[in-house]
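What follows is a short report on a single structure.
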Ligand SMILES: CC(C)(COP(=O)(O)OP(=O)(O)OC[C@H]1O[C@@H](n2cnc3c(N)ncnc32)[C@H](O)[C@@H]1OP(=O)(O)O)[C@@H](O)C(=O)NCCC(=O)NCCS
């Protein structure tokens with residue numbers, strides 16, 4: 001039996017007002033603007049305030065996606081939050097977001113697959129709609145990575161930022177989901193991980209956990225090589241599910257982890273750089289929020305047009321990876337709340 005069609009009806013985003021520049025990082029660790037720009041492509045990152053948890057930035061992004069479609073919260077059947085920085089280990093951040101939006105009683109759950117979260121979320125949301133389980137699913141990628149970054153460790157603190165992006169998936173006559181490929185390899189979880197707080201090293205260890213247990217740790221070069229290979233391979237495979245090749249893609253929207261990773265992926269896929277959407281200079285690596293943040297930019301400025309074939313791809317902790325090939329419909333972007341917010345110095349990270 002053929003399933004239902006699915007489209008993305010609206011998208012939205014939110015980035016907190018705190019701005020951490022490369023110049024600010026020069027005051028915190030031995031680094032330089034030149035090193036950061038050359039090695040990563042990043043210039044600044046948005047940073048949540050000490051009071052802002054992940055749900056607090058997920059909610060405005062979700063509202064923007066709903067506003068773009070004119071839908072009410074009551075029209076949404078299910079809420080999914082992709083995040084590596086939930087408000088709590090449990091309950092799921094999605095439950096908090098759904099209730100804050102007035103959707104108490106609706107199914108809500110988190111996807112925990114680090115930076116691959118939005119790709120896994122897109123596949124889950126689309127599949128739930130295609131199978132007929134729901135008519136409408138709100139997917140939000142939201143992160144407050146600044147809460148788990150050690151601002152004395154130059155190998156990680158320059159990379160990460162905070163933000164949120166949302167997409168409302170709806171049943172439709174046209175099926176925009178072309179294909180997806182997901183993968184994971186957990187043989188060595190320590191390549192990229194947060195050591196403390198889980199069942200292997202619980203918080204209640206009576207002092208056995210050292211300071212680094214609360215911060216993201218990473219083997220940068222190992223992640224780099226893996227990232228390029230898996231983003232290229234999964235993009236090819238997702239497109240192949242619809243008998244398409246990389247050259248058939250109008251746009252690539254990759255996870256924004258490092259400009260050099262993105263450039264190498266584009267080369268491997270033999271795409272012209274103009275087909276690749278990047279905004280890493282503005283946000284840094286926002287994990288599961290990076291793809292919807294980049295997507296919002298490219299739809300808002302008119303690059304991505306109805307009918308375009310768009311490939312989304314990501315990699316992250318797990319290790320994990322994936323890609324989704326999508327035919328873009330007529331989704332609009334909700335108003336961008338952060339444009340009305342005055343940038344602030346994140347005084348809890350860079351004291352005056
Ligand atoms: C982290 C990353 C930017 C480092 O870049 P790199 O070119 O691999 O740099 P290396 O790790 O080889 O380090 C080169 C030198 O720069 C130094 N360095 C590292 N971070 C630095 C910083 N912020 N400023 C200045 N120097 C720095 C290192 O100490 C090293 O010095 P040494 O040669 O004296 O030992 C890069 O490996 C990367 O992006 N990896 C993927 C990470 C990622 O995507 N993580 C998230 C996944 S979702």
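A few points about this structure:
- Sorting the segments 95-106, 253-264, 5-16 by their residues' average number of neighbouring beta-carbon atoms within 10 angstrom, most packed first, yields 5-16, 253-264, 95-106.
- Spacing of the two label points (7 Å from each Cα toward its C-beta) at residue 155 and residue 219, in nm: 1.1
- Length-normalised contact order of the range 136-259 in % [C-alpha pairs under 8 Å, at least 6 apart]: 26
- Per-peptide average of other Cβ atoms within 10 Å, ordering 229-236, 159-166 highest first: 159-166, 229-236
- Counting only alpha carbon atoms, the long axis of helix 259-268 and the longest principal axis of the chain meet at about 40°.
- Relative contact order [Cα under 8 Å, 6+ residues apart], the chain, whole percent: 28
- Antiparallel DSSP beta bridges within the chain, as percent of all bridges there, nearest 5: 70
- Annotation for residue 188 and residue 4: the two label points, set 7 Å from Cα along the Cα-Cβ direction, are 4.4 nm apart.
- Taking all Cα pairs closer than 8 Å and separated by 6 or more residues, the relative contact order of the range 178-329 comes to 34 percent.
- Antiparallel bridges, percent of DSSP beta bridges restricted to the range 178-329 (to nearest 5): 75
- DSSP bridge orientation in the range 1-129 - percent antiparallel, rounded to nearest 5: 50
- Centroid-to-centroid separation of the range 70-126 and the range 170-199 [C-alpha atoms, Å]: 14
Every number here is computed from the coordinates shown, using simple stated rules; none is lab data. Not measured: the values here are computed from a predicted model. Methodologically, a virtual Cβ is constructed for each residue, glycine included, from the backbone with ideal geometry; neighbour enumeration extends over all protein chains shown.
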